[in-house]
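Asks: Handing you a structure now.
The values are calculated or read from the model by the stated rules, or taken from the named source; none is laboratory data. Quick caveat, the model's predicted, so the values are computed rather than measured. Glycine also receives a Cβ, built like all others from the backbone with ideal geometry; neighbour counts cover every protein chain displayed.
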Amino acid sequence: DLPFIQYGSKTKRSYEEMKKAAQYLPGGVTANIKHFAPYPIVMERAKGAYLEDVDGNQYIDYLMGYGALALGHGHSDIAKAVSDQMSRNGTFLFGTPHPLEVTFAKKIQSHYPSMEKMRYTNSGTEATLLAIRLACAYTKRKKIAKFEGHYHGGYNEVLYSINPPLSEAGKEEEPEAVPESSGLEPFADVKPLMLPFNNTKAAEKLIKKHSHELAAVIIEPVQGGFIPAEQSFIDSLRRVTKQYGIVLIFDEVKTGFRTSLGGAQQLYNVVPDITTLGKVIGGGFPIGVVGGKEEIMKISQPKASGDVFDAGQGKHSSAKDILFHSGTYNGHPTILAAGLATIERLEKDFDRILSYTNTLKRNIEYLGKKANVPLKAIGLGTIFSVVCTKENSIRHYRDLQETNLGLRKQLDFHLLNEGIYTKPLNRYSISSAHGERELEKTVKAYERVLNNRLE
Ligand code: PLP
């Protein structure tokens, strides 16, 4: 049993708020991921590196909006950019092209030159959905392949084997596609081919076997933002997908502007065919971007001589020739202003965030060693996760399952009591708001928990 007692007594109002919430929202939450047992902590305020809950407890935030907040909460550059943009425009939404769409694209491309042309969406989910449709249209093939343990959003084509029970997951070299949700049965014909991450031989074999029907291979180049692909694995994936005309999609929604400013593709020196971005580039507001080779992206280009009709308002003679991509809020001016301000600030602050991350990782491992608790802080760039294991390498989802997840959860709950917020079992995302003071507090909290509390 996990020691919830203290956590409960400090968070009475959270408990009450969650009971109220459950009357209106299934499970009291607006996304399943926000839930954890026995009940999630309800936050009321945030500033910089800190969250404050409805009971008035303060926490150093390491969730940072699931990695989206690279500058912490309420950064003044973003607040100013948003307010300037709104007052300058005189509107919150044009519904037409506007110049900031181009400024933002140029900024993204300066860090991601592989994104020769791009389109905006409202989330990472929509971005990968569009990337897959582009790949299918381009290759005229029907199937996609994804890796076990990788997340690309919550829709039918990719909602398989994100956290599969190992008893159902099949052989490592030939993983089963285990549905991650109920309600997928009617769409079973879009089930992806599952590939093993960081297993070059087996992944290549499967890709070759299905090469005639594969439109795309989609990958998180750093799984969950913290389990890096091996360089030789990524190189082989690039080679084999190119060889068989399969579109390689780098889903950099988590790793973009985190693994490095230029994402995982910069670090690995690989040019994917399509890249998807999200999270950081919205500065806390919802956004996604899909970009890639001009040859692929141009499939979504309206014909210069043709009109594009609204739903139900006109007749398309060539609907099958042009890839459908739409969205009332795509290229939202307020969000692009927030995103641009974020990237401009991050260009200056990235190295400092990276240095904080590396120091914290080193300290956690050192304290673990000192207290004889097997802890590894693994990851690349400004995200990492703490895994409880003596093993030196965690290469994929299955390795992670072998680690002591119970111990990690205990650690997380004790840290919550110490005012360190990580959603249990989640990764740590660092921001520019994390400084000396937060580092010291975090290290001391770790020290207390590791020395006194863990059973
Ligand atoms: N792809 C990856 C790698 C992600 O980490 C996420 C979200 O966590 C998504 C796609 C989906 O993005 P969103 O939550 O913005 O829809």
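Asks: So which residues in the range 187-203 are at pLDDT 95 or above and either out of contact with any Phe, Trp or Tyr (no Cβ under 6 Å at 6 or more places or on another chain) or not hydrophobic (A, V, I, L, M, F, W, C) (or both), if there are any at all?
Replies: LYS191, PRO192, LEU193, MET194, PRO196, ASN198, ASN199, THR200, LYS201, ALA202, ALA203
Asks: Can you give me the ranges of the helices (runs of 4 or more DSSP H) entirely in the range 65-172 with at least 1 residues that are among the aromatic types (Phe, Trp, Tyr), in contact (Cβ under 8 Å) with a residue 60 or more places away in the chain and more than 16 Å from the ligand (Cβ to nearest atom)?
Replies: In the range 65-172, 100-111, 124-139 are the helices (runs of 4 or more DSSP H) which contain 1 or more residues that are among the aromatic types (Phe, Trp, Tyr), in contact (Cβ under 8 Å) with a residue 60 or more places away in the chain and more than 16 Å from the ligand (Cβ to nearest atom).
Asks: Still on this structure, please answer the following. How about the range 76-103: which of its residues are among the polar types (S, T, N, Q) and out of contact with any Pro (no Cβ under 9 Å at 6 or more places or on another chain)?
Replies: Keep residues of the range 76-103 that are among the polar types (S, T, N, Q), which gives 76, 83, 85, 87, 89, 91, 96, 103.
Scanning the range 76-103 gives SER76, SER83, SER87, THR96, THR103.
Asks: Run down LYS279, LYS348, LYS361, LYS320 and say which single residue is free of Cβ contacts under 8 Å to residues at least 40 places away in the same chain and surrounded by 17 or more Cβ atoms within 10 Å (Cβ to Cβ).
Replies: Just a single option satisfies the conditions, and that option is LYS361.
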